[in-house]
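Participant: Once you've had a glance at the structure underneath, I'll fire off some questions.
The values are calculated or read from the model by the stated rules, or taken from the named source; none is laboratory data. In this text, all values refer to a predicted model and were calculated from it rather than measured experimentally. Methodologically, a virtual Cβ is constructed for each residue, glycine included, from the backbone with ideal geometry; neighbour enumeration extends over all protein chains shown. Please note that ligands, DNA and RNA were not included when accessible areas were found on the heavy atoms of the full protein model with its side chains. Shrake-Rupley method; radii C 1.70, N 1.55, O 1.52, S 1.80 Å.
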Amino acid sequence: MKLLIIEDEKQVADNLKEGLEQHRYSVDVAYNGEDGYCLTQEFDYDIIILDLMLPDIDGEDLCRKLRDDGNQSFILMLTAKKQLDNIVKGLDCGADDYLTKPFEFSELLARIRALLRRSSEHKSNILGIFDISLDTKKEEVKISGREVQLTKKEYMILEYLLRNKGQLISRNQLLEHVWDRNVDIFTNVVDTHIKNLRKKLGRSGNVLKTVYGSGYRILNEEIDA
């Protein structure tokens, strides 16, 4: 899933990006509010991790501005402030969750998973269809109980398609949600990863259909023999 970090402390932001990418998230970073806002106008993000204290625009004001624009991304607000009124103000301006610094990275991961479950029909950490199961907490994929080793990008593609099963997902959507903003949109990298993913899934990969000229879809109906 694609995340945006808006955090003015560069080392903190870069460390978060590195850690989240190791856990199979696609992550963009902005070091001030204005750059972060511009990125939200260009890309769709599943979650925005927003620092409250930014040098150019107050995090609450930016959060309110995003909501006024109709931005539906989940917003997880970070702050060193622990007073109750700041937490209430942050939630009232449109944030979905709140995390005070310092925090354990494992707690951030848990809160991200919890936010993503809100947008899914699945209220557990398990996504799946037929004999394919994907555990977002353990970051494992199994077919009929047997673990399948996927690359980070293959896993991310499968997770995104499972979260949107039955829907037509374009190549550009996969590029936006699985790769960061620096990816070459004219590359055939999506097709290559889809091909490799199908191969690793074996017969179960038949649920992943190509809609030529449009994109890909995880089917809800029975797998073809």
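Participant: Would you confirm whether or not segment 138-160 contains a residue that is of a type outside the set (A, V, I, L, M, F, W, C), in contact with a His (Cβ under 9 Å, 6 or more places away or on another chain), farther than 27 Å from residue 72 by Cβ and open to solvent by 10 Å² or more (accessible area, probe 1.4 Å)?
Facilitator: yes
Participant: Within segment 166-181, is there a residue that is over 17 Å from residue 26 (Cβ atoms), open to solvent by 20 Å² or more (accessible area, probe 1.4 Å) and in a helix (DSSP H, G or I)? Explain how you work it out, then say what you get.
Facilitator: Filtering segment 166-181 for residues over 17 Å from residue 26 (Cβ atoms) gives 166-168.
Keeping just the survivors that are open to solvent by 20 Å² or more (accessible area, probe 1.4 Å) gives 166-168.
With the extra rule that they be in a helix (DSSP H, G or I), the set shrinks to none.
Within segment 166-181, not a single residue is over 17 Å from residue 26 (Cβ atoms), open to solvent by 20 Å² or more (accessible area, probe 1.4 Å) and in a helix (DSSP H, G or I).
Participant: Next question. Identify all residues within segment 201-219 that are touching a residue at least 12 places away in the same chain (Cβ under 8 Å) and surrounded by fewer than 15 Cβ atoms within 10 Å (Cβ to Cβ); write none if there are none.
Facilitator: Taking segment 201-219 first, the residues touching a residue at least 12 places away in the same chain (Cβ under 8 Å) are 201-204, 206-208, 210-211, 214-219.
Scanning segment 201-219 gives 202, 203, 210, 211, 214.
Participant: Can you tell me which of 15, 32 is over 18 Å from the mean Cα position of the chain (by Cα) and either under 25 Å from residue 161 (Cβ atoms) or polar (S, T, N, Q) (or both)?
Facilitator: Numbers: 15 fails: over 18 Å from the mean Cα position of the chain (by Cα).
Residue meeting the stated conditions: 32.
Participant: Hey, residue 107 hits all of (1) modelled with pLDDT of 90 or more; (2) charged (D, E, K, R); (3) touching a His at 6+ places or on another chain (Cβ under 9 Å); (4) open to solvent by 30 Å² or more (accessible area, probe 1.4 Å) but one; which does it fall short on?
Facilitator: (3)
Okay, residues lined up against (1) at pLDDT 90 or above; (2) buried (at least 18 other Cβ atoms within 10 Å of the Cβ):
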{"site": "61", "(1), (2)": "yes, no"}
{"site": "65", "(1), (2)": "yes, no"}
{"site": "74", "(1), (2)": "yes, yes"}
{"site": "83", "(1), (2)": "no, no"}
{"site": "124", "(1), (2)": "no, no"}
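Participant: Now a separate question. For the subset of segment 164-196 comprising residues that are among the basic types (Lys, Arg) and over 13 Å from residue 208 (Cα atoms), which member is modelled with the highest pLDDT?
Facilitator: Just the residues of segment 164-196 that are among the basic types (Lys, Arg), to begin with: 165, 171, 181, 195.
Of the ones still in play, those that are also over 13 Å from residue 208 (Cα atoms) are 171, 181.
Details: 171: 87, 181: 74.
Only one residue fits best here, namely 171.
Participant: Another question about this same structure. Anything in segment 44-59 that is closer than 17 Å to residue 13 by Cβ and either of a type in the set (Val, Ile, Thr) or surrounded by fewer than 16 Cβ atoms within 10 Å (Cβ to Cβ) (or both)? List them, or say none. Talk me through it step by step, then tell me what you get.
Facilitator: As a first pass, look at segment 44-59 and keep what is closer than 17 Å to residue 13 by Cβ: 45, 47-57, 59.
Selection gives 47, 48, 49, 53, 55, 56, 57.
Participant: May I pose another question? Which of the residues belonging to segment 22-33 are free of Cβ contacts under 8 Å to residues at least 60 places away in the same chain and not hydroxyl-bearing (Ser, Thr, Tyr)? Write out each step before concluding.
Facilitator: As a first pass, look at segment 22-33 and keep what is free of Cβ contacts under 8 Å to residues at least 60 places away in the same chain: 22, 29-33.
Once the filter is applied, which keeps residues that are free of Cβ contacts under 8 Å to residues at least 60 places away in the same chain and not hydroxyl-bearing (Ser, Thr, Tyr), segment 22-33 yields 22, 29, 30, 32, 33.
Participant: Between a first residue in segment 133-157 that is more than 16 Å from residue 175 (Cα to Cα) and assigned to a loop (DSSP other than H, G, I, E, B) and a second residue that is open to solvent by less than 60 Å² (accessible area, probe 1.4 Å) and among the β-branched types (Val, Ile, Thr), which pairs have beta carbons less than 8 Å apart while being 6 or more apart in sequence or on different chains?
Facilitator: Between residues of segment 133-157 that are more than 16 Å from residue 175 (Cα to Cα) and assigned to a loop (DSSP other than H, G, I, E, B) and residues that are open to solvent by less than 60 Å² (accessible area, probe 1.4 Å) and among the β-branched types (Val, Ile, Thr), the close pairs are 150/141.
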